[in-house]
Amino acid sequence: MSAAVTPVTIALTGGAGMMATLLRPYLAGAGYAVRLVDLAAASDPGPNESVHVGSVTDPDFMADALNGATAVIHLGGLHREKTWAELVSTNITGTQVTLEAARQNGVERVLLASSTHAVGFHPTEAAARDSVLSPRPDTYYGVSKAAVEALGSLYADKYGMKVVSARIGTGGERPGNLRTLGSWLSPADSFRLVEATLSKLGAPGHHVVWAVSANTRGWANLDAGKRIGFEPQDDAEAFAAGVDTTARDEWADLLGGAWASDSHRVGVDNYPHLAVK
Ligand SMILES: NC(=O)c1ccc[n+]([C@@H]2O[C@H](COP(=O)([O-])OP(=O)(O)OC[C@H]3O[C@@H](n4cnc5c(N)ncnc54)[C@H](O)[C@@H]3O)[C@@H](O)[C@H]2O)c1
């Protein structure tokens with residue numbers, strides 16, 4: 001009789017959130033044990049999932065949540081513009097606490113959720129030329145994501161960790177408008193990025209990559225991702241029939257889209273109608 005194989009354990013912060021919820025079936029299907037770390041209790045945990053309720057800003061809670069884990073996928077945080085104080089606390093301090101808990105627990109592989117908005121004031125065409133654009137945030141949120149990347153760089157260089165900062169375009173089950181036909185990251189491709197982080201990254205270091213699918217209308221240069229073994233397979237074009245492709249995207253010239261416009265105010269929740277997280 002062969003001994004039971006202990007599954008690889010992943011801590012998934014933001015485990016109750018939208019992107020994590022779409023990722024979970026892929027992680028479960030691949031046999032990972034997943035800790036769902038979030039302020040909210042993630043629903044319907046499967047046999048290899050456990051629910052850990054607390055804040056990524058709490059060092060004791062995070063030290064416990066990452067104890068014995070092999071990797072952390074850090075999606076927990078605020079996903080849109082908020083006040084400076086909220087973004088500093090949740091996105092910047094929360095990432096520092098997560099990385100520090102990883103370091104203390106010997107968790108050397110970390111995937112950090114960055115965003116297009118860290119580079120939102122670059123012209124869209126620049127993303128095709130240069131696969132790793134320098135930070136050019138369009139909001140305080142974008143600044144917080146640039147700081148997330150800087151923290152990842154520090155922990156990789158200082159402590160020999162393997163850190164990927166993923167500039168996520170637009171997550172979701174499917175693209176919903178003309179803009180997202182270019183920026184969509186499919187759930188299956190988000191899993192491919194996790195797999196690259198877990199098993200293909202070799203040497204220690206910090207890698208900034210686009211987390212965008214292989215979209216026909218994509219603007220992202222995917223070379224940096226390919227260098228770490230991330231090969232997206234999906235194409236938003238498969239959903240184009242359900243999208244109004246004639247509507248002009250008036251903000252298409254800048255990577256941040258409408259978030260880089262004057263009407264999208266800094267330090268203010270521009271989407272108050274969405275549920276507060
Ligand atoms: N969805 C996108 O298109 C997109 C694009 C770019 C980047 N991102 C980033 O990806 C990540 C996930 O995005 P999402 O769309 O799933 O967002 P989401 O809001 O659905 O999920 C984020 C989760 O983080 C949790 N959270 C918030 N503060 C927390 C704290 N202090 N401690 C623990 N958990 C906390 C929330 O409860 C929520 O469940 C975010 O970091 C976001 O900035 C998302």
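Coordinate-derived values only; no laboratory data. Only a predicted model underlies this, so the values are computations on that prediction, with no experimental measurement involved. Cβ sites come from the backbone with ideal geometry, for glycine too, and all protein chains shown count toward neighbours.
Tell me whether segment 173-180 contains one or more residues that are over 18 Å from the mean Cα position of the chain (by Cα), buried (at least 18 other Cβ atoms within 10 Å of the Cβ) and within 12 Å of the ligand (Cβ to nearest atom). Taking every residue of segment 173-180 in turn, at least one turns out to be over 18 Å from the mean Cα position of the chain (by Cα), buried (at least 18 other Cβ atoms within 10 Å of the Cβ) and within 12 Å of the ligand (Cβ to nearest atom). If you go through segment 51-63 and pick out every residue that is surrounded by fewer than 16 Cβ atoms within 10 Å (Cβ to Cβ) and either over 24 Å from Ile92 (Cβ atoms) or away from the ligand (no atom under 13 Å from the Cβ) (or both), you end up with 2. Against the test of being among the polar types (S, T, N, Q), more than 9 Å from the ligand (Cβ to nearest atom) and assigned to a loop (DSSP other than H, G, I, E, B), the options Ser134, Ser153 yield a single qualifying residue, Ser134.
Contact map, segment 81-93: first residue under 16 Å from Ala113 (Cβ atoms), second residue of a type in the set (Gly, Ala, Ser) and surrounded by 16 or more Cβ atoms within 10 Å (Cβ to Cβ), Cβ cut-off under 6 Å, separation 6 or more or different chains; pairs are Leu87/Ser144; Thr90/Gly77; Asn91/Gly77; Asn91/Ser144; Ile92/Ser144; Ile92/Ala147. Please give the helices (runs of 4 or more DSSP H) falling wholly within segment 177-235 in which 3 or more residues are touching a Lys or Arg at 6+ places or on another chain (Cβ under 9 Å). So the answer is 180-183. Taken over segment 57-73, the criterion of being outside any helix (DSSP H, G or I) and over 28 Å from Ala260 (Cα atoms) is satisfied by Thr57, Asp58, Asn67, Gly68, Ala69, Thr70, Ala71, Val72.
Of all residues assigned to segment 14-30, none qualifies as being assigned to a strand (DSSP E or B) and either surrounded by fewer than 16 Cβ atoms within 10 Å (Cβ to Cβ) or out of contact with any Lys or Arg (no Cβ under 9 Å at 6 or more places or on another chain) (or both). When segment 231-265 is examined, which residues are found to be under 23 Å from Ser134 (Cα atoms), over 21 Å from the mean Cα position of the chain (by Cα) and surrounded by 16 or more Cβ atoms within 10 Å (Cβ to Cβ)? The answer is Trp251, His264. Among the conditions (1) within 13 Å of the ligand (Cβ to nearest atom); (2) exposed (fewer than 15 other Cβ atoms within 10 Å of the Cβ), the only one that Gly46 does not satisfy is (1).
Please state which one of Ala113, Ala118 is in a strand (DSSP E or B), within 11 Å of the ligand (Cβ to nearest atom), surrounded by 18 or more Cβ atoms within 10 Å (Cβ to Cβ) and not charged (D, E, K, R). Selected residue: Ala113, the only one of Ala113, Ala118 that is in a strand (DSSP E or B), within 11 Å of the ligand (Cβ to nearest atom), surrounded by 18 or more Cβ atoms within 10 Å (Cβ to Cβ) and not charged (D, E, K, R).
Scanning segment 221-244 for residues that are touching a strand residue (DSSP E or B) at 6+ places or on another chain (Cβ under 7 Å), under 19 Å from Leu111 (Cα atoms) and not aromatic (Phe, Trp, Tyr) returns Leu222, Ala224, Gly225, Ile228.
Note on segment 74-104: among residues that are outside any helix (DSSP H, G or I) and of a type in the set (A, V, I, L, M), the one that is nearest to the ligand (Cβ to nearest atom) is Leu75.
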